[in-house]
Amino acid sequence: MKTTTVSRRKFIKRAALATTAAVAAPYMRTSYSAGKLTLGCWDHWVPGANDTLTAIVNEWGAQNHVETHIDYITSVGDKDLLTASAEAEAKTGHDIMQHRAWQVQVHRDVLEPVDDVIDRLVKDHGPIATISEYLAKDHHGKWKGVPTVVGSQVKPCCSRIDLYKQYCGVDVTKMFPFGDNRDKTLVDSWNWDLYLTTAEKLFKGGYPVGLPMGQTSDAIDWVGALFRSYGAVFVDEKDNIAVDSAETRAALEYAQKLMKFNPPDVYAWDDAGNNKWLISGKGSSIMNPPSAWSVAKRDNIKVAEQCWTHDMPRGAKGRFAPYLPFYYGVWTFAQNQSAAKDLIHYIVDKPQAKRQVQASNGYDLPAFKSYYDFDTWKTVEPPKGTVYNYPPRGDEELSITGYPARPDVAAQIYNQSLQTVMIGKVTQGGEKIDDVVKWAKNECEGYLRS
């Protein structure tokens, strides 16, 4: 099996050279089932994680006598999104493409239904995350993507144990301990008010929190969880525009205070910015999967030894974990759709999922709660228990920015970075909150019309 890490330009060139798409043929599972499958997969942040996915796909290919090829495509500069869009337009490219969150809705008309794969997985492993269903079903109720293990993530807090103790008198390891013996009073105290108070103390101590505020997914995801915890809804499930509300204003007022205690360049950070901030030793807390901690193990062990992943702050309407699931989709122009579905099932099935979670040091979060019993989240260190609370184990609800609007509208709220742009207008542009809310209302009206 061959694997490559390639650029978007190379893929677009390939797509432009192709003239027709091959007709999908039925997959016959025999010892002579010669054929070929190509996959376009996200290039993992965690060192070495790609190797495990390569091995899993290689195993399936050998068992089924199918030649397989993976191209790992970076999300930096949204090259993965741009590559998928180029393939969808050209109607040629990989057989299986990995998509981030809303991209299943963007490409649903050129994605094969995968209900048969989902049904097998649910039968074997129980319920699937509700947000995964919301993101992946089309308007006919058909699944157009299978939630992946690789890449799927939540983005809770990752905080420095020592800095929170020294400057804030807060022990995050007692608040969110390793194991199931949480103290409800301590957990309830971790709200946005306390987060603001500690952020100010850490800022004055020279170790600010690092919360990106640009137009990339890390920023969009944590901000969406903030707005939702305040009860702000931009467009509801019945197409009512609800952004002009006291809840939206309260979230904006809070963000206006909080952003003062961040490094000034957070508005220009890409998805690697907060990782670099924590790994450098200058940052006290970020909201991210355990990729920053994983790299710190290699590059700055003293920082890694002080990292603790734990729940998001609670707002008036609840505690929400920013959720960004990834999906495997089978293009309608894939050469061998039946084989592609069988491979996807093999990759996502629990035995292979366990290996992928282990390879990512617990970064990858499967869509099935029945997978949360994997030992990786209990055993990886330093310190022991550092990512135990990465899978939501308490009162956190999974959240995706744009919910509960119908998916095609919510996708625009997400992809246009509406909420982070609003905060930027208030904090950097000096615009009045009422004017920004009015602007956002007009944007939502445009989303509904389109």
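With point charges of +1 on the Cβ of Lys and Arg and -1 on the Cβ of Asp and Glu, referenced to the Cα centre of segment 69-184, which listed residue (Pro127, Gly169, Thr148) lies farthest in the positive direction of the dipole?
Highest projection toward the positive end goes to Gly169.
Hey, for a label at Leu82 modelled as a point 7 Å past Cα toward Cβ, could you say which residues of segment 192-217 have their backbone N under 17 Å away?
So the set is 215-217.
Give me the distance in nm between label points sitting 7 Å out from Cα along the Cα-to-Cβ direction at Gln166 and Gln428, one decimal.
3.1
Counting Lys and Arg as +1 and Asp and Glu as -1, each charge on the Cβ, what is the dipole of segment 35-173 about the Cα centre in debye, to the nearest 20? Present the calculation step by step, with values, prior to reporting the outcome.
Details: 13 positive and 20 negative charges, 79 e Å.
Computed charge dipole of segment 35-173: roughly 380 debye.
So how do 221-233, 393-405 stack up, highest first, on mean other-Cβ count within 10 Å?
Going from most to least packed, we get 221-233, 393-405.
Between Leu39, Leu365, Leu135, find the one with the highest GNM mean-square fluctuation for the chain; connect C-alpha pairs within less than 10 Å.
Largest GNM mean-square fluctuation: Leu39.
Nearest 20 debye, what's the magnitude of the dipole of the chain about its Cα centre given +1 on Lys and Arg Cβ and -1 on Asp and Glu Cβ?
640
Considering only Cα-Cα distances, which of the following residue pairs are longer than 25 Å: Lys137/Lys184; Lys257/Lys297; Lys123/Lys369; Lys123/Lys144?
Lys137/Lys184; Lys257/Lys297
By per-residue mean of other Cβ atoms within 10 Å, what is the highest-first order of 367-373, 180-186?
367-373, 180-186
Using the per-residue mean of other Cβ atoms lying within 10 Å as a proxy for protection, in what order, highest first, do the peptides 422-429, 113-120 fall?
Per-residue mean Cβ counts within 10 Å order the peptides as 422-429, 113-120.
In degrees from 0 to 90, rounded to the nearest 10, what is the angle of the helix 49-64 Cα long axis to the longest principal axis of the chain?
For 49-64 against the chain, the angle is about 20 degrees.
Run the numbers for Lys91 and Asn240: contour at 0.36 nm per residue of separation, minus the present Cα-Cα distance, in nm.
Gain on stretching Lys91 to Asn240: 50.1 nm.
Note the full-extension length gain between Asp188 and Thr130 as 0.36 nm times their separation in residues minus their Cα-Cα distance, in nm to one decimal.
Between Asp188 and Thr130, full extension yields 18.4 nm more.
On C-alpha positions alone, give me the angle between the axis of helix 8-17 and the longest principal axis of the chain, in degrees, nearest 10.
Between the helix axis and the principal axis of the chain, the angle is about 30 degrees.
Using only alpha carbon pairs under 8 Å that are at least six residues apart, calculate the relative contact order of the chain and give it in whole percent.
This gives 25 percent for the chain.
Rounded to the nearest 20 Debye, what is the dipole magnitude of segment 403-450 about its Cα centre when Lys and Arg each give +1 and Asp and Glu each give -1 at the C-beta?
Values: 6 positive and 6 negative charges, 10 e Å.
Result for segment 403-450 is approximately 40 debye, rounded to the nearest 20.
Working out 0.36 nm times the residue gap between Glu67 and Thr379, then minus their Cα-Cα distance, what length gain in nm do you get to one decimal?
Answer, rounded to one decimal: 108.8 nm.
Could you check what % of the DSSP bridge pairs in the chain are antiparallel, to the nearest 5?
Percentage antiparallel, nearest 5: 55.
Using only Cα atoms, find the angle between the long axis of helix 217-229 and the longest principal axis of the chain, and express it within 0 to 90 degrees, rounded to the nearest 10.
That works out to roughly 60 degrees.
Using the Karplus curve 6.51 cos²θ - 1.76 cosθ + 1.60 with θ = phi - 60°, work out ³J(HN,Hα) for each residue of segment 269-285 in order, rounded to whole Hz, and write x for Gly and Pro.
Result, ordered by residue: 5, 8, 5, 8, x, 5, 4, 4, 4, 5, 4, 5, x, 7, x, 9, 6 Hz.
Assuming R0 = 25 Å, can you tell me the calculated FRET efficiency for the pair Ala268 and Asp299, based on Cβ-Cβ distance, to the nearest 0.05? Don't jump to the answer; show the numbers that get you there.
Numbers: r = 22 Å, r/R0 = 0.89.
Result of the calculation: an efficiency of 0.65.
For the pair Lys257 and Leu448, how long in nm is the line joining their label points, each one 7 Å along Cα→Cβ?
Going from the Lys257 label point to the Leu448 one covers 3.2 nm.
Every read-out reported here was derived from the displayed coordinates using simple, explicitly stated rules and does not represent laboratory data. All values reported here derive from a predicted model rather than from experimental measurement. Quick reminder, even Gly has a Cβ in these numbers, built from the backbone with ideal geometry, and neighbours come from all protein chains shown.
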